[in-house]
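Bear in mind that the values in this text are calculations on the coordinates, not laboratory data. The model shown is predicted, which means the values in this text are computed figures rather than measured ones. Positions of Cβ are generated from backbone atoms using ideal geometry, with glycine treated the same way; all protein chains shown enter the neighbour counts.
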Amino acid sequence: MTRTVHLALYSTLADWEYGYAVAGINNPEFQKNPGSLAVATVGATRDPITTRGGLRITPDLTLDELRPHDSAMLILPGNDIWNTDAYTPFTDKARDFLEAAVPVAAICGATAPLPPPGSSTIAPIPVTRPNSSTKSATQAAPCTATSRQ
């Protein structure tokens, strides 16, 4: 049986942050049970998004269609919307996954809005947050580049 790892897609997605994971997951040579994992993309809508690198990608399904029990993992790459309302549907879905004991791999700034370990809303989980040694999660800077004009 093939299990699906879902890669979240949103505007300003940091292209470089998920590459190794997706390449490894989609390559049967890197799987304990070859053919057991595949990657699908999920967006807030089925409309194409534009990544930080300028690529346009169309999601395979929407967050409303995604159920934790249908997934092996949710991957949330970094982005420039992590501290805006546009990212809220993704953090809400991540909470659903965590409450269902389905892994969430959040990268860089995507970790900041997630509940901290020991939160009363979900079971404790280990989390590495950007700049966690010097700043709180709400002060942490995202790991994506910003344009300077």
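The table below gives the values:
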{"read-out": "Order of Phe30, Phe90 - criterion: other Cβ atoms within 10 Å of each residue's Cβ, fewest first", "value": "Phe30, Phe90"}
{"read-out": "Under 12 Å from the Ser11 label point (7 Å along Cα→beta-carbon), backbone N, the range 65-107", "value": "80-82, 84-87"}
{"read-out": "In nm, spacing of pseudo-spin labels at Asn33 and Asp85 (7 Å Cα→C-beta vector)", "value": "4.4 nm"}
{"read-out": "Stokes-Einstein translational diffusion, the range 3-111 - Kirkwood Rh over all Cα pairs, 0.692 mPa s, 37 °C, in µm²/s", "value": "236 µm²/s"}
{"read-out": "Cα gyration tensor shape for the range 5-67, rounded if a/c is under 1.5, else prolate or oblate", "value": "oblate"}
